[in-house]
There are 2 protein chains.
Amino acid sequence: MIVRQAVNVLEILEYFARVKKPATLAEIADHFGWPRSSTFNLLTTLAEKGYLYEPRPRAGYYPTPRWLVMAREASDVEPLPDWTHALISSLSTETGETVAIAAPAGVMAVFIDVVESSAAIRYFAKVGHRVPIHATSSGRALLLQYAKDERDSLYRKIEFKQYNHTTPISIDAVEAELRKSLERGYCQSFADYSRDLAGVAVPLPIGERRLSVVVAGPEYRIGDKTAAIAVTLQQAVERFRAK
Amino acid sequence: MIVRQAVNVLEILEYFARVKKPATLAEIADHFGWPRSSTFNLLTTLAEKGYLYEPRPRAGYYPTPRWLVMAREASDVEPLPDWTHALISSLSTETGETVAIAAPAGVMAVFIDVVESSAAIRYFAKVGHRVPIHATSSGRALLLQYAKDERDSLYRKIEFKQYNHTTPISIDAVEAELRKSLERGYCQSFADYSRDLAGVAVPLPIGERRLSVVVAGPEYRIGDKTAAIAVTLQQAVERFRAK
DNA sequence: CGAATAAATTCACCCATATGTACGATCGAC
DNA sequence: GTCGATCGTACATATGGGTGAATTTATTCG
């Protein structure tokens, strides 16, 4: 069950991150199509907790830096080593595509770090973006690090949906793809989940953590270059991990 | 009206900021005394929105760096100039007390930047901390920048409570204190709001924004040094503003 | 390996809460 | 100053959502 008011808090945070301007109650209410009264309650609550403030009445709400202070401390929970960001940054330059580090989140994979391609046509992904673990290259690079029985218990929770015509829609199909990935030495996906999107990924275990790196972009650019990209990927990982 | 689930989201954020460790559903539920089922709903929601993830099932939830990304961007809404942090940092060293920058938030003043004293006994304040605008030195340094009619409309909203025996509990008392502050050239408060706490503050207008700087600490340390502290304060402001 | 224990997840019901409505404050136009 | 329009705030009410109990899933220990 989705907790609506929890989502609303996040939407307000994201709203300010997007517009980067103070906003009045009316603006926010209109933007989200929320009733004024509800918006009032929510904004008041955030203000009472010290996350918003109003420089002067009717001049709009500002987020306080408290978000930043809290987020900074909370994100130290399990910081990635410095070289991982350098790695994806370098890979993005080399390949010209969007590169991300993914981590497991139940039946999904979350991107915990992303460097976007600078190309006009590119994979548009953000930190926190989630994709099905079984239907994406980044996800399958995570699954490769699971023991068989761990995968099995995951499979039971997956709802196999036909996102696209190449989507694997059974446990067997996924397992088969994993075997193929092992043979070829890297994971790949051609629009298994998102239309027109292709990805090349490899596992990236760091300490106890099972992560993966993925290079992703439009099918027509990745196309037959998967093997070359995989080599670039693996070499970069070795290079940066050494440091 | 307080939106409970909104508060809960913030509490979870603050929880992770405090403990800096992954936490399981059960731990979080027990910590807050929330029912498991409700906690489940909330954590699932945050996970779905990409703010939490579970590296492996039952190993607990981690915050994703998405908090950081969003908070960083949202904090650009009205960034303070760089010199203000240097200012309070320097002042904290000079005075040995906690120093903060305050902004108006309705009938309250919010701290939007804080450098805490390193003394064992000190004013314990955080970014986002809120205090009544009329019963604190930082707040009154804000009120000094209001026009009379703006103050009047604020006064109507204030609920005058006797926080302590020196708390001004009428409009006249507040206005009298503001006049005294003008004469002496700075604002002060001796436990008007918080027991044992004394503060010295001056206005800090930046562009259109009305802010204030406050040096605060235990009454016995601030005591008769208010005039000296005020001088230090004013000189520091001049020095840093010039840059 | 199997039973006991603990944790996670689901679900239906009832109550707390989000909202419609009304009121008051403020602002801008003339 | 006066009026109209707009925005913010208070409150009662119906209904969406939180919770307790039941069920399923995982983990621990004999």
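The values are calculated or read from the model by the stated rules, or taken from the named source; none is laboratory data. Not measured: the values here are computed from a predicted model. A quick note on method: Cβ atoms are made from the backbone with ideal geometry, for glycine too, and the neighbour counts reach across all protein chains shown. Remember, those area values only see protein heavy atoms, side chains included, never the ligands or the DNA or RNA. Shrake-Rupley method; radii C 1.70, N 1.55, O 1.52, S 1.80 Å.
Quick notes on this structure:
- Computed from the C-beta positions of A:Ser118 and A:Glu183 and an R0 of 45 Å, the FRET efficiency is 0.85 to the nearest 0.05.
- Taking the protein heavy atoms of the range B:22-134 in the context of the full set of protein chains, the accessible area attributed to carbon and sulfur is 52 percent at 1.4 Å.
- 3J(HN,Hα) along the range A:213-218, derived from phi through the Karplus expression 6.51 cos²θ - 1.76 cosθ + 1.60 where θ = phi - 60°, amounts to 10, 10, 9, 9, x, x Hz, with x in place of Gly and Pro.
- For the range A:1-78, relative contact order (Cα pairs under 8 Å, six or more residues apart, normalised by length) works out to 25 percent.
- Centroid-to-centroid separation of the range B:122-136 and the range A:70-116 [C-alpha atoms, Å]: 37
- Distance between modelled label sites at A:Lys161 and A:Glu27, nm, 7 Å Cα→Cβ extension: 3.4
- Heavy atoms of the protein chains alone define the surface here; on that basis the range A:150-237 has 51 Å² accessible area per residue at 1.4 Å probe size.
- GNM flexibility winner over chain B from B:Gly33, B:Gly128, B:Gly207 (Cα, springs under 10 Å): B:Gly33
- For peptide B:34-44, the mean count of partner chain Cβ atoms within 10 Å of a residue's Cβ comes to 2.
- Average beta-carbon neighbours from other chains, 10 Å sphere, peptide B:212-222: 0
- Remark: the range A:230-235, residue by residue, has Karplus-estimated 3J(HN,Hα) of 4, 4, 3, 4, 5, 5 Hz, where x stands for each Gly or Pro and the curve is 6.51 cos²θ - 1.76 cosθ + 1.60 at θ = phi - 60°.
- Vicinal HN-Hα couplings computed from phi for the range B:35-42 (Karplus, 6.51 cos²θ - 1.76 cosθ + 1.60; Hz; Gly/Pro x): x, 4, 4, 5, 4, 4, 4, 5
- GNM top mover of A:Arg140, A:Arg130, A:Arg151 - chain A, alpha-carbon springs below 10 Å: A:Arg151
- Within a Gaussian network of chain A (alpha carbon springs, distance under 10 Å), most fluctuating of A:Leu13, A:Leu211, A:Leu233: A:Leu13
- When the Cα atoms of the protein assembly as shown are aligned to their principal axes, the ranges along those axes come out at 82, 44, 41 Å in descending order.
- Sequence-distant residues sharing a close amide H with B:Tyr53 (under 5 Å, placed H): B:Tyr62, B:Thr64
- Spatially, the range B:148-207 and the range A:221-243 are offset by 63 Å when compared through their Cα centroids.
- Relative contact order [Cα under 8 Å, 6+ residues apart], chain B, whole percent: 15
- Test item: Cα-centred dipole of chain A, Lys/Arg +1 and Asp/Glu -1 on Cβ, debye: 400
- Shielding by partners, peptide B:105-117 (average Cβ within 10 angstrom, other chains): 4
- Expected 222 nm ellipticity per residue - DSSP helices of 4 or more, -39500 (n - 2.57), all of the protein assembly as shown, to 500: -14000 deg cm²/dmol
- Separation in nanometres of the label points that stand 7 Å from Cα toward Cβ, at A:Ala147 and A:Ala59: 6.1
- Relative contact order for the range A:87-213: 24 percent, from Cα pairs under 8 Å spaced at least 6 residues apart, divided by residue count.
- Descending semi-axes in whole angstrom, ellipsoid equivalent of chain A, from the Cα gyration tensor: 38, 21, 18
- Summed buried accessible surface, chains B and A, 1.4 Å probe, nearest 100 Å²: 5700
- Inter-copy label distances at B:Ile2 (7 Å, Cα→Cβ; nm, one decimal): 2.7
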